[in-house]
Amino acid sequence: MAEDADWSARANLYHAGGGGATGNDSLGCRPIAMRTVATDPRYIPRRTRLFIRETVGMRMADGTIHDGYWYASDTGGAIKGQKIDLYTGHGRGSMSPVMPLNQRRLTIVNAGRFDGCPPSWASQPSQATLMASASTNAGSN
């Protein structure tokens, strides 16, 4: 699938509390743990739904399994070019499930656009809807 990637970027992790992120993301939305991604909008535009294959199947703190979908809704001064920050939630412990990906280069596919704020885990569109959107938007970069 690496050959199908729209982007490749080095991942960093960030969290709320204890000196981590506070407040809203750059769209004015509350960050969603394990969904919100901060990007350089010149490289990966804001409002892009991202599929990051390295996160598929990752077991999260609450026991759910990650489906690989993230939302580019934040930016940051230190994020330039091929870098992304994955928002993990509240506190340093929230980084545990994703720690193996910290400082690794990830494969990122454009899975379409989203309006409004990133959806919470409770209101996620179905996997079939997301895959259809990814197929429709493939190569539209």
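The values are calculated or read from the model by the stated rules, or taken from the named source; none is laboratory data. Everything numeric here is computed off the predicted structure, so don't read it as measured data. The protein model used for the area step is the full one, side chains on, heavy atoms only, and it has no ligands, DNA or RNA in it. Shrake-Rupley method; radii C 1.70, N 1.55, O 1.52, S 1.80 Å.
With every protein chain kept in place and ligands, DNA and RNA left out, what is the accessible area per residue of region 1-80? Probe 1.4 Å, answer in Å². Mind showing how you got there, number by number?
Details: 3530 Å² over 80 residues.
Value returned for region 1-80: 44 Å² of accessible area per residue.
Through the Karplus equation 6.51 cos²θ - 1.76 cosθ + 1.60, θ set to phi - 60°, convert the phi angles of region 106-114 into ³J(HN,Hα) values in whole Hz; use x for Gly and Pro.
10, 9, 10, 10, 6, 9, x, 10, 9
Would you please give the residues with an amide H less than 5 Å from that of Ala111, counting only those at least 5 places away or on a separate chain, with H modeled from the backbone geometry?
HN-HN under 5 Å from Ala111: Arg49, Leu50, Phe51.
Suppose we keep just the DSSP beta bridges with both residues in region 4-104; what percent of those would be antiparallel, to 5? If you can, show how the numbers build up before the last one.
Numbers: 8 of 18 bridges.
Antiparallel bridges: around 45 percent, rounded to the nearest 5.
Taking all protein chains as present, what is the carbon and sulfur share of the accessible area of region 1-101, in % to the nearest whole number, probe 1.4 Å? Intermediate results must be reported in sequence, preceding the final value.
Details: 2230 of 4510 Å².
With neighbouring chains kept in place, the figure for region 1-101 is 50 percent.
Considering amide H positions built from the backbone, and no H for Pro or chain starts, which residues 5 or more places from Leu106, or on another chain, come under 5 Å of its amide H?
Hits under the 5 Å cutoff: Ala9, Arg10, Ala11.
As a test question: what accessible area, to the nearest 10 Å², does Val56 have when a 1.4 Å probe is rolled over all protein chains in place?
80
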